[in-house]
Structure formats: structure tokens, C-alpha cells
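Just below is one structure, and these are the notes that go with it.
The values are calculated or read from the model by the stated rules, or taken from the named source; none is laboratory data. These numbers come from a predicted model, not from an experiment. With ideal geometry, Cβ positions are generated from the backbone for all residues, glycine too; neighbour counts draw on all protein chains shown.
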Amino acid sequence: MKGEGRALLRLMAIQGAWSYERMIGIGMGFSAAPLLGDLEQAEPARHREATARSAEFFNCHPYLAGLALGASVRAEQEGVAGAQIQRLRTALCSPLGALGDQVFWAGLVPILMSLSLAAIALGGGGGVLVAVVLGYNLVRVLVTRWALRTGLASGVQVGRAVSSSWLPRAAAKVAVPAGLTAGLAIPLTAAWLLAARPDGAGLLAGASAGVAWLLLRFGGGRMTSLRVGLMFAVVILLWTRFAP
Amino acid sequence: MITASVGILVVLLLWGTLVGIDLVSVPQGLLARPLIAATVAGWLLGDLHTGIRVGALLELFALDVLPVGASRYPEYGPASVGAVLLAVGLDRPGGIGAGVLLGLLLALLAGYTLEWLRHANARDVHRTEDELNAGSVAAIRRLQWAGITRDLVRSAGVTAGALLLATVGIARIGEAASLPAALTPALVGVGVAAALSGAVRNAGRGRRLLWLGIGLAAGLALVLGGVA
């Protein structure tokens with residue numbers, strides 16, 4: 001479709017104007033513009049309406065936004081009623097957000113970072129990280145392109161296309177390797193970071209891990225890992241400064 | 001004590017800015033992960049080893065964070081760049097712990113600037129409401145570029161602050177003071193708890209939790225077997 005390449009490029013920056021007001025709505029409108037070009041010449045009034053709709057409130061996982069974008073552009077070109085297109089966008093928000101978060105933020109990213117940590121601890125160098133970044137970005141581009149094309153091909157039937165695609169299966173399966181790789185990486189990374197440290201460092205790290213775990217588990221929502229880390233650091237600095 | 005040249009600081013500023021906009025705006029391609037951001041910073045400073053170690057420790061903390069939607073989360077990217085500068089600059093045992101401590105502090109503060117960015121973008125949208133409702137492509141384009149520019153400026157500011165604090169830290173701590181030896185092991189411990197906490201939350205219950213346990217057992221076996 002005309003403008004598909006430019007839309008794909010713009011989808012890479014879909015969160016560029018992320019706001020509490022419209023979330024990724026402006027990015028959706030920005031990405032839709034090249035695809036709505038034909039409508040501008042054929043039906044200027046309809047184009048203005050479609051453009052306004054494309055930038056309305058929308059939120060989902062950024063890598064999967066192309067599904068909603070492609071589907072709504074196709075619906076606009078087929079003359080589907082505006083209210084139905086708005087309902088389609090609203091219906092896609094939650095599932096595309098949940099699927100994307102599961103597959104990427106809670107799945108692929110932790111898997112790759114855990115594998116990187118484990119590989120480094122086992123003697124791999126910076127080359128591992130170059131390969132991981134290149135591989136991840138290739139996946140990111142391919143997924144974004146697949147999402148846009150699937151949306152454009154499916155129109156208002158995009159929900160059916162998503163449910164019969166690889167996406168729900170991946171979301172269901174990704175947690176197992178995510179857990180396995182995280183479990184593998186944590187002790188390896190800790191041992192690597194503590195290697196060649198004086199006696200007692202491992203014991204101190206173990207005790208810190210135990211207390212921090214209890215604080216994170218039972219300390220309530222405000223007790224984040226970052227705050228616990230800062231608390232421990234302050235205690236150690238004070239102890240070093242004032243201990244007899 | 002090692003001090004970085006102005007040229008290297010400028011390159012670090014550019015890298016930190018790129019890492020900062022990668023988190024949310026563009027391209028979201030893993031550059032903002034502390035392990036990546038810190039390793040590249042270490043390489044730029046001529047000390048890849050320290051960069052990877054600082055990055056690995058901060059990555060354990062970052063594994064506890066799920067950067068979804070409108071939630072508030074720390075920003076580890078530019079913070080990692082400042083952390084590595086401090087660790088490399090101090091160049092002695094305990095430097096990594098000091099760098100990571102600075103990194104944690106900066107990540108917390110940088111998280112607040114993301115909220116400022118979102119509110120600033122929202123105000124911009126408010127002002128352009130009529131044009132948006134009229135279907136103005138120009139207004140959408142203007143808002144999008146303004147958002148990206150704002151994030152660029154924010155990321156550059158956060159990175160500049162991180163580099164400034166690291167430089168001041170190197171000068172203030174100087175050659176004289178010894179660094180607390182307990183800092184790094186304690187932070188490794190908290191990092192382990194953080195990563196485990198994130199992994200347990202992601203795994204949920206049942207079979208998934210079992211696989212996390214299998215991974216942990218395998219990792220521990222490798223450590224105890226002397227492989228790692």
C-alpha cells in the first residue's frame with residue numbers, strides 16, 4: 001500500500017508524544033498520515049474526520065500498535081462508519097497491550113537480558129551484547145512490519161487475525177523460558193560479580209539478599225528494589241563512617 | 001583517580017541522550033537497558049570490564065521493573081552512563097559499588113523527569129485540541145516532533161546531570177578516601193533479591209514457577225561446580 005514504508009518508519013517512534021491525555025494517540029495519527037494520503041485527494045472531508053479519529057486516545061503495546069493502525073486505516077478506506085472505527089480502536093487497546101507486555105516486556109526482554117548476563121558470567125564478552133541488540137532490533141522491525149501488514153489486510157476482522165496468529169501462543173509459552181533463563185542468570189551473575197572479593201563478601205551478599213527479599217515481599221508497594229538498594233547503601237555508608 | 005577528557009564527556013553525553021530517548025520515544029531497541037548502556041559507556045572510557053560489571057549489577061535491579069503504560073518507573077539508561085564514569089574515575093576497589101549507588105540515585109530522579117515529559121506533552125495536546133478535532137495533519141506532526149524534541153532535551157539534561165555528579169564525585173572523593181568494601185557485596189545482594197522478585201512476579205504460579213526453580217538450581221549447580 002502507498003505510504004506503508006513511511007508508516008512503518010513512523011511506528012518506530014509511536015510513543016514520541018506519549019501523554020496522559022491521549023497516550024500514544026498522537027503517534028498513531030502521525031503514523032497513519034502517510035497511509036491516509038489517497039483519501040485526502042478523493043474525499044477531503046472524510047480525510048479530515050479520519051485524521052481526527054486516528055489521533056484520538058489510544059494505548060497498547062508500541063510494537064503491536066501497527067495492528068490497530070492498519071485495521072483502522074483499512075476501515076477508513078472502506079468507508080466504515082466512524083463510530084464503528086472508534087469502537088474497534090477501543091476494543092483493541094487492552095488485548096494488544098496485554099499480549100505485547102507479556103510477549104516482550106515480561107518475556108523476550110528479560111530472556112535476552114538474562115541470557116546476556118549468564119553468557120557474560122560464563123566468559124562471553126561485549127560481542128554477546130552486540131549480537132543481542134542486533135537480534136532484538138531485527139525482531140522488533142519484523143514484528144512491527146507484520147503488525148502493520150496484518151492490520152491493513154484484515155481491517156475490522158483484525159481481532160480474528162490476531163487470535164489465529166502466533167501472538168497468543170507466544171504469550172502463553174514465553175513465561176517458561178523467561179523464568180528458566182532468569183533463574184539461571186541470577187546466581188551466575190552474583191558469583192561473577194563477587195569473584196575475587198575478600199572472604200565474607202559472599203556472606204554479606206547472601207544476608208543482604210535475604211533481608212532485601214523480605215522487604216520487597218512484605219514491605220508494601222512503596223518498597224521498590226531501587227529504594228531498598230539505596231537504603232542498604234545509606235546504612236553501609238553510615239556504618240563505615242560512625243562505627244567504632 | 002582517572003579523569004575523562006572533555007571530548008570523551010561530549011561523546012558520553014551523546015550516548016546518554018540516545019539511551020534516554022530509546023526508553024520511551026524512539027527506537028525502543030534495548031539501548032536503554034543498563035547492561036547495554038553501561039557496557040558502551042565503559043568501552044568509550046577505555047574500560048570495558050568496569051562498564052560490564054556496573055551494567056550487570058544495575059541490570060539485576062532493572063529486571064524487577066516492568067515499564068508498562070502510565071506507571072512510574074526508574075530510568076536506568078543515562079544513570080548507567082554516569083555510574084560507569086564514576087566507577088572508572090575512582091579506579092579502585094569499591095568503585096563499582098560507588099558507581100552503582102550513584103546509578104540507583106540517578107535512576108530514581110530520572111524517573112520523575114519522565115512524568116514531567118508526559119505532563120508537558122499533555123499540556124501541548126490541550127492547547128492544540130481544536131486543531132486535532134478538525135483533523136489537522138500539521139498539528140499532529142507538530143505535536144509529534146515537539147514530543148520527541150522535548151524527550152531529547154530531557155535525556156540530554158539527565159545525562160549532563162549524571163556526568164556532572166560523577167565528575168564532582170570523582171573530584172570530591174579523590175585519591176584520599178577509601179571506599180567502603182561492603183558496599184558492592186551488599187548491592188549485589190539487593191540486586192539478586194530484585195531480579196528474583198521480578199522473575200517470581202513474571203512467573204506467577206504453578207509450572208512457570210517450577211521452571212524458574214529449575215533455572216535457579218542449574219545456575220547454582222554451575223556456580224558450586226566452579227564453572228562460573
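Quick notes on this one:
- Check on residue B:8, free of Cβ contacts under 8 Å to residues at least 60 places away in the same chain, more than 26 Å from residue B:112 (Cβ to Cβ) and of a type outside the set (D, E, K, R): yes
- Pairing each residue of segment B:117-142 that is within 7 Å of chain A (Cβ to nearest Cβ) with any residue that is among the basic types (Lys, Arg), provided the two are 6+ apart or on different chains, yields C-beta distances under 6 Å for B:125/A:22; B:135/A:48.
- Of the listed requirements (1) touching a residue at least 24 places away in the same chain (Cβ under 8 Å); (2) among the charged types (D, E, K, R); (3) farther than 24 Å from residue B:139 by Cβ, residue A:89 misses just one: (3).
- Residue check, residue A:135 facing chain B (nearest Cβ under 10 Å), within 21 Å of the chain's Cα centre (by Cα) and modelled with pLDDT of 95 or more: yes
- With respect to the conditions (1) surrounded by fewer than 21 Cβ atoms within 10 Å (Cβ to Cβ); (2) touching a Ser or Thr at 6+ places or on another chain (Cβ under 8 Å); (3) more than 30 Å from residue B:92 (Cα to Cα); (4) at the interface with another protein chain (Cβ under 10 Å from one of its Cβ atoms), residue A:201 falls short on a single one, namely (3).
- Filter pass, residue A:35 being under 16 Å from residue A:151 (Cα atoms), among the aliphatic types (A, V, I, L, M), touching a Cys at 6+ places or on another chain (Cβ under 9 Å) and crowded, with 22+ Cβ neighbours inside 10 Å: no
- Residue match in segment B:27-35 (condition: among the charged types (D, E, K, R) and either part of a helix (DSSP H, G or I) or more than 10 Å from chain A (Cβ to nearest Cβ) (or both)): no
- The residues on offer are A:200, A:219, A:210, and the sole one that is at pLDDT 90 or above and out of contact with any Lys or Arg (no Cβ under 7 Å at 6 or more places or on another chain) is A:210.
- Answer from A:21, A:40 - the residue that is at pLDDT below 95, crowded, with 18+ Cβ neighbours inside 10 Å and farther than 16 Å from residue A:153 by Cβ: A:21
- Any hit, segment B:150-159, residues being touching a Ser or Thr at 6+ places or on another chain (Cβ under 8 Å), facing chain A (nearest Cβ under 10 Å) and crowded, with 21+ Cβ neighbours inside 10 Å: yes
- The one condition in (1) more than 19 Å from the chain's Cα centre (by Cα); (2) of a type outside the set (Phe, Trp, Tyr); (3) modelled with pLDDT under 95; (4) crowded, with 18+ Cβ neighbours inside 10 Å that residue A:120 fails to fulfil: (3)
- Answer residue from segment B:61-88, given it is surrounded by fewer than 24 Cβ atoms within 10 Å (Cβ to Cβ) and among the small types (Gly, Ala, Ser) and is farthest from residue A:17 (Cα to Cα) among those: B:71
- Complete set of residues in segment A:193-214 that are under 29 Å from the mean Cα position of the chain (by Cα), within 22 Å of residue B:218 (Cα to Cα) and of a type outside the set (Gly, Ala, Ser): A:193, A:213
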